[in-house]
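Asks: Here it is: the structure, laid out below.
The values are calculated or read from the model by the stated rules, or taken from the named source; none is laboratory data. These numbers come from a predicted model, not from an experiment. Virtual Cβ from ideal backbone geometry, glycine too; neighbours counted across all protein chains shown. Ligands, DNA and RNA are stripped out before the accessible areas are found, and what is left, the full protein with its side chains, is counted by its heavy atoms. Shrake-Rupley method; radii C 1.70, N 1.55, O 1.52, S 1.80 Å.
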Amino acid sequence: RTFAKLALNLVLIAGESALRGAELSVAISVGRQSPRIGISVRGGRFKLRDDVRSGFAPGLAVDEVTVRNVVAWYCGHLAKKLGLQLTVVEDGQNSLDFMVA
(Lines give C-alpha, C1' and ligand atoms only; values in the text may rest on other atoms or scores of the structure.)
Protein backbone atom coordinates (compact mmCIF):
# COMPACT_ATOMS: atom_id res chain seq x y z
CA ARG A 1 0.00 0.00 0.00
CA THR A 2 2.83 2.42 0.85
CA PHE A 3 4.59 1.50 -2.40
CA ALA A 4 1.44 2.32 -4.37
CA LYS A 5 1.14 5.70 -2.62
CA LEU A 6 4.74 6.46 -3.55
CA ALA A 7 4.21 5.51 -7.20
CA LEU A 8 1.02 7.55 -7.53
CA ASN A 9 2.52 10.65 -5.92
CA LEU A 10 5.57 10.48 -8.20
CA VAL A 11 3.27 10.17 -11.22
CA LEU A 12 1.44 13.25 -9.96
CA ILE A 13 4.68 15.27 -9.79
CA ALA A 14 5.85 13.98 -13.19
CA GLY A 15 2.48 14.79 -14.74
CA GLU A 16 2.56 18.33 -13.38
CA SER A 17 6.09 18.72 -14.77
CA ALA A 18 5.10 17.55 -18.24
CA LEU A 19 4.00 20.46 -20.37
CA ARG A 20 3.00 20.52 -24.04
CA GLY A 21 4.09 17.54 -26.09
CA ALA A 22 5.99 15.73 -23.33
CA GLU A 23 5.64 11.97 -22.97
CA LEU A 24 5.35 10.34 -19.58
CA SER A 25 6.32 6.69 -19.12
CA VAL A 26 5.98 4.59 -15.99
CA ALA A 27 7.65 1.27 -15.22
CA ILE A 28 6.91 -0.55 -11.97
CA SER A 29 8.49 -3.82 -10.95
CA VAL A 30 7.30 -5.71 -7.90
CA GLY A 31 8.93 -9.06 -7.42
CA ARG A 32 10.77 -11.13 -4.90
CA GLN A 33 13.61 -8.67 -4.90
CA SER A 34 13.39 -4.99 -4.12
CA PRO A 35 10.47 -3.25 -5.82
CA ARG A 36 11.36 -0.57 -8.36
CA ILE A 37 9.69 2.46 -9.89
CA GLY A 38 10.93 4.31 -12.96
CA ILE A 39 9.11 7.36 -14.25
CA SER A 40 10.44 9.33 -17.22
CA VAL A 41 9.37 12.53 -18.93
CA ARG A 42 10.79 12.99 -22.43
CA GLY A 43 10.30 15.22 -25.44
CA GLY A 44 8.17 18.29 -25.78
CA ARG A 45 8.36 20.74 -22.93
CA PHE A 46 8.70 19.89 -19.26
CA LYS A 47 9.92 21.59 -16.13
CA LEU A 48 10.33 20.49 -12.55
CA ARG A 49 9.60 23.69 -10.66
CA ASP A 50 12.28 24.84 -8.20
CA ASP A 51 9.81 24.95 -5.31
CA VAL A 52 8.82 21.32 -6.00
CA ARG A 53 12.46 20.24 -6.48
CA SER A 54 13.31 21.61 -3.03
CA GLY A 55 11.05 18.95 -1.49
CA PHE A 56 13.34 16.20 -2.76
CA ALA A 57 16.33 17.59 -0.83
CA PRO A 58 17.65 14.95 1.57
CA GLY A 59 17.25 15.94 5.20
CA LEU A 60 14.74 18.70 4.47
CA ALA A 61 13.56 19.95 7.86
CA VAL A 62 9.85 19.72 8.57
CA ASP A 63 9.63 23.49 9.06
CA GLU A 64 10.91 23.90 5.46
CA VAL A 65 8.03 21.87 4.02
CA THR A 66 5.57 24.09 2.18
CA VAL A 67 2.35 23.59 0.29
CA ARG A 68 4.42 23.62 -2.92
CA ASN A 69 6.96 20.94 -1.96
CA VAL A 70 4.99 18.71 0.42
CA VAL A 71 4.24 16.01 -2.18
CA ALA A 72 7.92 15.73 -3.12
CA TRP A 73 8.86 15.60 0.58
CA TYR A 74 6.20 12.94 1.16
CA CYS A 75 7.64 10.82 -1.68
CA GLY A 76 11.06 10.92 -0.02
CA HIS A 77 9.47 10.04 3.31
CA LEU A 78 7.63 7.05 1.81
CA ALA A 79 10.75 5.78 0.02
CA LYS A 80 12.73 6.00 3.25
CA LYS A 81 9.95 4.20 5.13
CA LEU A 82 10.18 1.37 2.57
CA GLY A 83 13.98 1.26 2.82
CA LEU A 84 14.32 2.41 -0.79
CA GLN A 85 16.34 5.19 -2.43
CA LEU A 86 14.55 7.93 -4.40
CA THR A 87 16.61 9.61 -7.11
CA VAL A 88 15.58 12.51 -9.32
CA VAL A 89 17.69 13.20 -12.41
CA GLU A 90 17.01 16.21 -14.58
CA ASP A 91 19.10 16.39 -17.74
CA GLY A 92 18.53 19.95 -18.89
CA GLN A 93 15.85 19.98 -21.56
CA ASN A 94 16.28 16.33 -22.58
CA SER A 95 14.87 14.21 -19.78
CA LEU A 96 13.47 14.09 -16.28
CA ASP A 97 13.64 10.78 -14.41
CA PHE A 98 12.33 9.63 -11.06
CA MET A 99 13.81 6.34 -9.89
CA VAL A 100 13.06 4.34 -6.77
CA ALA A 101 15.02 1.19 -5.93
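Asks: Can you compute 3J(HN,Hα) from phi for each residue in the stretch 15-31, using the Karplus curve 6.51 cos²θ - 1.76 cosθ + 1.60 with θ = phi - 60°, rounded to whole Hz and x for Gly and Pro?
Replies: Karplus values, whole Hz, x for Gly and Pro: x, 5, 7, 7, 9, 4, x, 7, 9, 10, 10, 10, 10, 10, 10, 10, x.
Asks: Which of rounded, prolate, oblate describes the chain, given a ≥ b ≥ c as roots of the alpha-carbon gyration tensor eigenvalues and a/c under 1.5 marking rounded, otherwise prolate only if a/b is larger than b/c?
Replies: Because a/c hits 1.5 or more and a/b fails to exceed b/c, the chain counts as oblate.
Asks: Next question, about the same structure. Hey, for a label at residue 61 modelled as a point 7 Å past Cα toward Cβ, could you say which residues of the stretch 70-96 have their backbone N under 19 Å away?
Replies: It comes to 70, 73-74, 77, nothing else.
Asks: Continuing with this model, one more query. Kindly identify the stretch 1-59 as rounded, prolate or oblate by the Cα gyration tensor criterion: order the square roots of the eigenvalues as a ≥ b ≥ c, call it rounded if a/c is under 1.5, otherwise compare a/b with b/c, prolate if a/b is larger, else oblate.
Replies: Cα axes put the stretch 1-59 in the oblate bin.
Asks: Take each of the peptides 65-78, 87-100, average the number of other beta-carbon atoms within 10 Å over its residues, and list them starting from the highest.
Replies: Details: 65-78: 17.1, 87-100: 15.1.
So the peptides 65-78, 87-100, ranked by packing, come out 65-78, 87-100.
Asks: With a ≥ b ≥ c the root eigenvalues of the C-alpha gyration tensor of the stretch 41-95, is it rounded (a/c under 1.5), prolate (a/b larger than b/c) or oblate? Don't skip to the end; give the middle numbers.
Replies: Values: a/c = 2.69, a/b = 1.52, b/c = 1.77.
It comes out oblate by the Cα gyration axes.
Asks: Calculate, for residue 8 and residue 93, the FRET efficiency according to 1/(1 + (r/R0)^6) with r their C-beta to C-beta distance and R0 41 Å; round to the nearest 0.05.
Replies: 0.95
Asks: Hey, what's the chain come to in accessible area per residue, 1.4 Å probe, Å²? Kindly include the intermediate steps, with their values, before the conclusion.
Replies: Values: 6350 Å² over 101 residues.
Accessible surface, normalised per residue, equals 63 Å².
Asks: Through the Karplus equation 6.51 cos²θ - 1.76 cosθ + 1.60, θ set to phi - 60°, convert the phi angles of the stretch 37-52 into ³J(HN,Hα) values in whole Hz; use x for Gly and Pro.
Replies: Here the 3J(HN,Hα) series is 10, x, 10, 10, 10, 9, x, x, 10, 8, 7, 8, 4, 4, 5, 6 Hz.
Asks: At a 1.4 Å probe radius, carbon and sulfur cover how many percent of the accessible area of the chain?
Replies: Carbon plus sulfur share of accessible area: 53 percent.
Asks: Relative contact order of the chain, please, whole-number percent, based on alpha carbon pairs below 8 angstrom and at least 6 residues apart.
Replies: Values: 164 pairs, mean separation 29.9, N = 101.
For the chain, the relative contact order is 30 percent.
Asks: Here's something else I'd like to know. Expressed as a whole number of Å, what is the distance separating the alpha-carbon centroids of the stretch 1-42 and the stretch 77-101?
Replies: 9 Å
Asks: So, one more: Can you list the HN-Hα couplings for the stretch 53-62, worked out from phi with the Karplus curve (6.51, -1.76, 1.60; θ = phi - 60°), rounded to whole Hz and with x for Gly and Pro?
Replies: 4, 4, x, 7, 4, x, x, 4, 5, 4
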